[in-house]
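One structure below.
The values are calculated or read from the model by the stated rules, or taken from the named source; none is laboratory data. Owing to the predicted nature of the structure, the values given are computational and were not obtained by experimental measurement. Positions of Cβ are backbone-derived with ideal geometry, glycine not excepted, and every protein chain shown enters the neighbour counts.
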Amino acid sequence: MTQQYRAYLVGENGVFRSAEAFEASSDATALTFAQQFTRHGKVEVWQLGRKIAVLEPESSPPRLLTRQ
């Protein structure tokens, strides 16, 4: 079963510059897919209203968000 995700490219001022909607079977698969966008800068990955991770530019490891 796939879920809806979005990868948001974050500008220098912290405002989203663009978004890419896609489907993935898991959070891990979504992060792998979204990693390609980091060549353009910082990327936030969301699944509906849930922030999954912040990916730093160029192949830095994803910073997963933990629930508090």
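The table below gives the values:
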quantity	calculated
Extreme residue, surrounded by the fewest Cβ atoms within 10 Å (Cβ to Cβ), among residues of the range 26-49 that are within 10 Å of Y5 (Cα to Cα) and among the polar types (S, T, N, Q)	S26
In the range 14-53, the residues that are hydrophobic (A, V, I, L, M, F, W, C), at pLDDT 95 or above and in a strand (DSSP E or B)	A19, A21, F22, A24, V43, V45, W46, I52, A53
